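Step one of this worksheet: look at the structure below.
The values are calculated or read from the model by the stated rules, or taken from the named source; none is laboratory data. These numbers were taken from a predicted model, which means no experiment stands behind them. Neighbour counts are summed over all protein chains in view; Cβ atoms, including those assigned to glycine, are modelled from backbone coordinates with ideal geometry. For the accessible areas, the whole protein counts, side chains as well, though only heavy atoms, and no ligand, DNA or RNA atoms are used. Shrake-Rupley method; radii C 1.70, N 1.55, O 1.52, S 1.80 Å.
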Amino acid sequence: MKRFIFASHHSMATGMKDTMEFLTKTEDPIYDISAYMNDAGDEDLASRVAELFSEFDPDDKVVIMTDLMSGSVNQKFFPYINDHVFLISGTNVPLAMQLMIVDEDMLDWDFVEDCIDEAKDQLVFINKWQKENSSEDEDE
């Protein structure tokens, strides 16, 4: 089975889950962990992550997408990384969409790396892009 987890500081994860359900219409399970919404802090986060993984089959393919690489949320998932549990920090919508619409048998290390590279290309400073593209149009 293919599973997806969005995890973030505060409520970004909930928004990403909602957005992906809307855009992809996937039937794969999507989970969200919005950390530090109360005073429980790290202990609550660690137990929520452990509880979630206890529900998964050891052979499930799990894609975890977090907000910050050096953040405590991302670090709580380190113990679960293996050849079919992928932890990605700095997620964005194009990356999540591409990972979610692929067939389970294609979801592997190389595919995840390719998706990350393509998602980086979606980070664009539109002011600069517009200026560069409008001057090209004027030259024609």
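A few remarks follow.
- Residue check for Asn92: surrounded by 12 or more Cβ atoms within 10 Å (Cβ to Cβ), out of contact with any Cys (no Cβ under 7 Å at 6 or more places or on another chain) and at pLDDT 95 or above: yes
- Each residue in the stretch 17-51 was checked for being of a type in the set (A, V, I, L, M, F, W, C), assigned to a helix (DSSP H, G or I), in contact (Cβ under 8 Å) with a residue 12 or more places away in the chain and open to solvent by 20 Å² or more (accessible area, probe 1.4 Å), and 2 of them qualify.
- Any hit, the stretch 111-129, residues being in contact (Cβ under 8 Å) with a residue 40 or more places away in the chain and under 16 Å from the mean Cα position of the chain (by Cα): yes
- The set of residues in the stretch 1-15 that are open to solvent by 20 Å² or more (accessible area, probe 1.4 Å), over 10 Å from Tyr31 (Cβ atoms) and either of a type in the set (A, V, I, L, M) or at pLDDT 95 or above (or both) comprises Met1, Met12, Thr14, Gly15.
- Among residues of the stretch 69-80 that are over 13 Å from Phe6 (Cα atoms), those with a Cβ under 7 angstrom from a residue that is in a loop (DSSP other than H, G, I, E, B), sequence gap 6+ or separate chain, pair up as Met69/Gly90.
- If the condition is being hydrophobic (A, V, I, L, M, F, W, C) and touching a Ser or Thr at 6+ places or on another chain (Cβ under 7 Å), then the stretch 46-76 contributes Met65, Leu68, Met69, Val73.
- In the stretch 52-89, the qualifying residues are those that are in a loop (DSSP other than H, G, I, E, B) and within 21 Å of Asp110 (Cβ to Cβ), and the one that is most open to solvent (accessible area, probe 1.4 Å) is Met69.
- Some residue of the stretch 107-115 being of a type outside the set (Val, Ile, Thr), in contact with a strand residue (DSSP E or B) (Cβ under 8 Å, 6 or more places away or on another chain), more than 19 Å from His9 (Cα to Cα) and open to solvent by less than 50 Å² (accessible area, probe 1.4 Å): yes
- Subset of the stretch 95-106 that is touching an Asp or Glu at 6+ places or on another chain (Cβ under 9 Å) and open to solvent by 30 Å² or more (accessible area, probe 1.4 Å) - its residue that is nearest to Val124 (Cα to Cα): Gln98
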